[in-house]
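The values are calculated or read from the model by the stated rules, or taken from the named source; none is laboratory data. As the structure is a prediction and not an experimental result, all values here were calculated from the model. In this analysis, Cβ positions are derived from the backbone assuming ideal geometry, glycine residues included, and neighbour counts consider all displayed protein chains. Remember, those area values only see protein heavy atoms, side chains included, never the ligands or the DNA or RNA. Shrake-Rupley method; radii C 1.70, N 1.55, O 1.52, S 1.80 Å.
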Amino acid sequence: MGIVLETKDLCKTYIINKQSNNVLQNVNLSVEEGEFVSIMGPSGSGKSTLLYCVSGMDKMTAGKVLFDGENLSDLSEKQLLKIRLNKMGFIFQQMYMMKKLCIMDNIVLPGYEAKREPRQEINRRAEDLMRRLGIMEIAEREITEVSGGQLQRACLCRALINNPKVIFADEPTGALNSKASSEVMDELVKANKEGTTILMVTHSEKVASCSDRIVYLVDGNIQGELNLGKLTDMQDVSSRERRVKRWLEDMGW
């Protein structure tokens, strides 16, 4: 498998009250196709900023981001939009959905926007995804009429609707209870096993223990990595979590 995402000396600086705030400093990271990578670190370490820069949602100050062989800095906003729509999927802690659309319409919207397939095919795939994630019964409901766990699974369906190369997830379980969190992680692991690459920001040791590799970020720099290997059975999460906790303690978590 090749490298689908790579950063080279990635820097991001914000100017606040005429003072420079170096959020990311010379970050070098590579993610292989089919890999599940978690980014952890203290609050303010640059985790979400890194996620937004590598997905093209935020502009880097210096360095390079190569996504599927293309340098994002060389692309226009229209080209970036096309890549995000066709090759990337997004899940956030705040479950951004169109309030005037029902669950089904929210899920199929990126597929309609991509215009790669007939709407009938997009609708069929959306129904398949909803059945797999156990939310078919809420297809016609408004987003205010479902639970947080159901809504986040709907967000996962939306992220998968265009068969993306990479899913970017920013604290996807941060607003969920433990049961809903486990359900969402089960589905992310399944998506990864089916070939979707995942790059995820999380504060949860349990959530991170589902990933293949953890990158630890401090003050905009990668301070260490932990390779866990593929999760073969969700029952193995507890033992992996203990290993993650020990490693994080060594890192000064």
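Okay, here's what the table says:
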item	result
Matching helices (runs of 4 or more DSSP H) fully within the range 101-190 where at least 1 residues are farther than 30 Å from residue 44 by Cα	103-114, 119-132
Residues of the range 3-23 classified as open to solvent by 30 Å² or more (accessible area, probe 1.4 Å) and not aromatic (Phe, Trp, Tyr), total	13
Boolean, residue 161 is touching a residue at least 12 places away in the same chain (Cβ under 8 Å), of a type in the set (Val, Ile, Thr) and either open to solvent by 20 Å² or more (accessible area, probe 1.4 Å) or in contact with an Asp or Glu (Cβ under 6 Å, 6 or more places away or on another chain) (or both)	no
Pairs where the first residue, in the range 125-137, is under 13 Å from residue 161 (Cα atoms) and the second is open to solvent by 60 Å² or more (accessible area, probe 1.4 Å) and in a loop (DSSP other than H, G, I, E, B), C-beta under 9 Å, 6+ apart	125/117; 125/163
Cβ-Cβ under 8 Å pairs, at least 6 apart or on other chains, the range 72-101 side over 15 Å from residue 167 (Cα atoms), far side of a type in the set (Ser, Thr, Tyr)	99/144
Filter result for residue 96 (of a type in the set (Phe, Trp, Tyr), surrounded by fewer than 20 Cβ atoms within 10 Å (Cβ to Cβ) and not in a loop (DSSP other than H, G, I, E, B))	no
Cβ pairs under 7 Å, 6+ apart, first in the range 36-64 and acidic (Asp, Glu), second open to solvent by 10 Å² or more (accessible area, probe 1.4 Å) and not in a strand (DSSP E or B)	58/49; 58/52
Residue check for residue 226: assigned to a strand (DSSP E or B) and more than 30 Å from residue 82 (Cβ to Cβ)	yes
Residues that are open to solvent by less than 100 Å² (accessible area, probe 1.4 Å) and in contact (Cβ under 8 Å) with a residue 12 or more places away in the chain, drawn from the range 228-237	228, 229, 231, 234, 237
Any hit, the range 59-75, residues being surrounded by 18 or more Cβ atoms within 10 Å (Cβ to Cβ) and part of a loop (DSSP other than H, G, I, E, B)	yes
Unique residue being modelled with pLDDT of 95 or more, among the acidic types (Asp, Glu) and over 29 Å from residue 241 (Cα atoms) when the list is 127, 117	127
Every residue from the range 102-146 that is open to solvent by 60 Å² or more (accessible area, probe 1.4 Å) and among the β-branched types (Val, Ile, Thr)	144
Members of the range 76-89 that are at pLDDT 95 or above and not in a helix (DSSP H, G or I)	88, 89
Residue 225 being farther than 27 Å from residue 249 by Cα and of a type in the set (D, E, K, R)	no
Residues satisfying the stated conditions in the range 191-223, i.e. in contact with a helix residue (DSSP H, G or I) (Cβ under 9 Å, 6 or more places away or on another chain), assigned to a helix (DSSP H, G or I) and open to solvent by less than 40 Å² (accessible area, probe 1.4 Å)	191, 207, 208
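A quick yes/no check of all residues on (1) more than 19 Å from residue 110 (Cβ to Cβ); (2) surrounded by fewer than 17 Cβ atoms within 10 Å (Cβ to Cβ); (3) in contact with a Ser or Thr (Cβ under 8 Å, 6 or more places away or on another chain); (4) among the polar types (S, T, N, Q):
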position: 37; (1), (2), (3), (4): yes, no, yes, no
position: 57; (1), (2), (3), (4): no, yes, no, no
position: 77; (1), (2), (3), (4): no, yes, no, no
position: 92; (1), (2), (3), (4): no, no, no, no
